[in-house]
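Before any comments, here is the structure.
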Amino acid sequence: MQTSNVYKWIKKEETRKKVLMSLRQPLTAKQISRRTRISVDTCSYLLGKFAAKGIGVCVNPNARNSRLYWITDTGRKCQERLRRELSLSEESYDVSPVNWELYGWVCFNHRAAIIRIITGPIQPSEMKRRLRYLNSDIRISANNIRDVIRLFLQKGLVQKVVVKKKFHPRYELTELGAKFQGLLSRAEVPL
């Protein structure tokens, strides 16, 4: 489909423009929903339409949950044209090569919450306290956190830190985990 026809389609609805402008890195429908304050169902629907029209593409198509969508060259051209018309500054995309399958897996509810709160060596019980303090609605036990930490260890997102005279090990992010934490924080920034 030609860029001009796609651009006309995008301009017909405000929600389409908002979803397109929110894509500064690969995002899930839920992340776009939080950024734009558009319902998750509408975002999912629009992302499917974007893929059908050649504006967007799913970067982890094998995922059952937390599918990540990113813009194609056609989508980028439409986004740039919309920026010029709205007199917005040019946006730079700093999307270095990432294992998007793994990142999509991390974007799932509890995993993303745990990655976000690891700021230094910390043990699972302290993670639970921080999570409950920051989000009183979250329902997660220390055992759930330990299970997720085991998975993070297997995937190379965290590493065990042994502190002298402390019985329980602490965990901190690896370089890959810190990169994912940065992507998650940028995904939560509203428009």
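Given the criteria without any contact (Cβ under 8 Å) to a residue 24 or more places away in the chain and under 21 Å from P26 (Cα atoms), does E126 qualify? Step through it out loud before you land on a result.
Details: without any contact (Cβ under 8 Å) to a residue 24 or more places away in the chain: yes; under 21 Å from P26 (Cα atoms): no.
Here the answer is no, as E126 does not meet what is asked.
For segment 1-35, the candidate set comprises residues that are out of contact with any Cys (no Cβ under 7 Å at 6 or more places or on another chain) and among the hydroxyl-bearing types (S, T, Y); within that set, the residue that is farthest from G182 (Cα to Cα) is S4.
Residues in segment 25-41 that are buried (at least 17 other Cβ atoms within 10 Å of the Cβ) and more than 15 Å from T72 (Cβ to Cβ): T28, A29, K30, Q31, I32, S33, R34, R35, T36, I38.
Mind checking which helices (runs of 4 or more DSSP H) fall wholly inside segment 115-191 and carry at least 1 residues that are among the aliphatic types (A, V, I, L, M) and over 28 Å from P97 (Cα atoms)? Walk me through it before giving the result.
On the way: elements: 124-134, 142-155, 175-187.
Result: 124-134, 142-155.
Scanning segment 151-176 for residues that are exposed (fewer than 11 other Cβ atoms within 10 Å of the Cβ) and modelled with pLDDT of 85 or more yields Q154, E175.
With in contact with a Ser or Thr (Cβ under 7 Å, 6 or more places away or on another chain) and closer than 30 Å to Y69 by Cα as the only criterion, which of F108, F152 stands out? Let's see the steps before the verdict.
Details: F152 fails: in contact with a Ser or Thr (Cβ under 7 Å, 6 or more places away or on another chain).
The unique qualifying residue is F108.
Screening the candidates S66, S89, S44 for the property of being assigned to a loop (DSSP other than H, G, I, E, B), without any contact (Cβ under 8 Å) to a residue 40 or more places away in the chain and among the small types (G, A, S) yields one hit, S89. Of all residues in segment 141-164, those that are β-branched (V, I, T) have Cβ atoms under 6 Å from Cβ atoms of residues that are in a loop (DSSP other than H, G, I, E, B) and at pLDDT 90 or above, 6 or more apart or on another chain, in V161/P121.
The values are calculated or read from the model by the stated rules, or taken from the named source; none is laboratory data. This structure is a prediction, so every number in the text was calculated from the model and none was measured. Note that each Cβ is placed from the backbone with ideal geometry, even for glycine, and that neighbours are counted across all protein chains shown.
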